[in-house]
Amino acid sequence: MATGRTHRPATRSRGIPEATVARLPLYLRALTALSERSVPTVSSEELATAAGVNSAKLRKDFSYLGSYGTRGVGYDVEYLVYQISRELGLTQDWPVVIVGIGNLGAALANYGGFASRGFRVAALIDADPTMAGKPVAGIPVQHTDELEKIITDNGVSIGVIATPAGAAQQVCDRLVAAGITSILNFAPTVLSVPDGVDVRKVDLSIELQILAFHEQRKAGEDVAVPEEGAAAAVPPPPVAPHRAPPGATAADSGRQGPDGDVPAVMPA
């Protein structure tokens, strides 16, 4: 199987929007589940529901792939699995290196979903000398001094950074200098990279903060919205019009109107 080191994604040359690219893995996950259940075809509505998008957006996304389905039948599941896998570059092997084998790095190394999706963990790297040689997920950890050689020897395409924030930029610079052009960053910091290098950031604390915001807003709405059947606010009673006292003349009253009301605007 060919490695992805010299492969450039077809999505750029075909002009597929980034938003569509971000949704392709969602469709692929839903389609893979259908394939495992031997479901031959699926409608756009069913697939959109499974992927968590609306059907009109799904049909638009698939039009970029040249896949329009069959009226009354839907989409061929196996063909779509192949088509999306090919577009995402998952029909070939992608060697991955994980740098930073703490709790998070070790958890990533043990994740079984990488291999089934075309990503092979080629090496684990850590700056701690005491970690060198220790197996994690059956792979011996290697020291960062060997980073460049490891990348070259294994034809690594993608680097995963799971280091503390303070070390992430230096690791990133070394990965880029060694030829890595795609980085998945788990460190809680923003990386600076040159043009031509793609970085995807995963920050669990930020996602939790966003959820906290929505929870707070929902709690505020629960307090502010009156319960169904609650009495509506009663408007204040109207102010009685001013009337001149008995026996007063028009001059005394400030030029009354025909009913004795004082005009809203009185002449000077």
Item to check | the range 193-217, residues that are in a helix (DSSP H, G or I) and either aliphatic (A, V, I, L, M) or open to solvent by 100 Å² or more (accessible area, probe 1.4 Å) (or both) | outcome: LEU204, ILE206, GLU207, LEU208, GLN209, ILE210, LEU211, ALA212, PHE213, GLU215, GLN216, ARG217
Checklist entry - What is the number of the single condition among (1) without any contact (Cβ under 8 Å) to a residue 60 or more places away in the chain; (2) farther than 16 Å from LEU108 by Cβ that GLY155 does not meet? => result (1)
Checklist entry - So is PRO140 loosely packed, with under 13 Cβ neighbours inside 10 Å and touching a Lys or Arg at 6+ places or on another chain (Cβ under 8 Å) or not? => result yes
Checklist outcome for this item: If you go through PRO40, PRO25, the only one that is touching a residue at least 24 places away in the same chain (Cβ under 8 Å) and farther than 23 Å from GLY113 by Cα is PRO40
Item to check | Residue ID - modelled with the lowest pLDDT, chosen from residues in the range 82-93 that are open to solvent by 30 Å² or more (accessible area, probe 1.4 Å) and hydrophobic (A, V, I, L, M, F, W, C) | outcome: LEU90
Checklist outcome for this item: Across (1) more than 30 Å from ILE180 (Cα to Cα); (2) of a type in the set (A, V, I, L, M, F, W, C); (3) modelled with pLDDT under 95, LEU47 clears everything bar (3)
Checklist entry - If we keep just the residues of the range 57-78 that are in a loop (DSSP other than H, G, I, E, B) and of a type outside the set (A, V, I, L, M, F, W, C), which is least open to solvent (accessible area, probe 1.4 Å)? => result SER67
Checklist entry - Going through the range 1-44 one residue at a time, which ones are out of contact with any helix residue (DSSP H, G or I) (no Cβ under 9 Å at 6 or more places or on another chain), modelled with pLDDT of 80 or more and part of a helix (DSSP H, G or I)? => result ALA22, GLU36
Checklist entry - Are any of the residues in the range 142-149 touching a strand residue (DSSP E or B) at 6+ places or on another chain (Cβ under 9 Å), in contact (Cβ under 8 Å) with a residue 40 or more places away in the chain and on the phi < 0 side of the Ramachandran plot? => result yes
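The values are calculated or read from the model by the stated rules, or taken from the named source; none is laboratory data. Remember, it's a predicted structure, so these values are computed and weren't measured experimentally. When we count neighbours, we look across all protein chains shown, and the Cβ atoms used for this are built from the backbone with ideal geometry, even at glycine. For the accessible areas, the whole protein counts, side chains as well, though only heavy atoms, and no ligand, DNA or RNA atoms are used. Shrake-Rupley method; radii C 1.70, N 1.55, O 1.52, S 1.80 Å.
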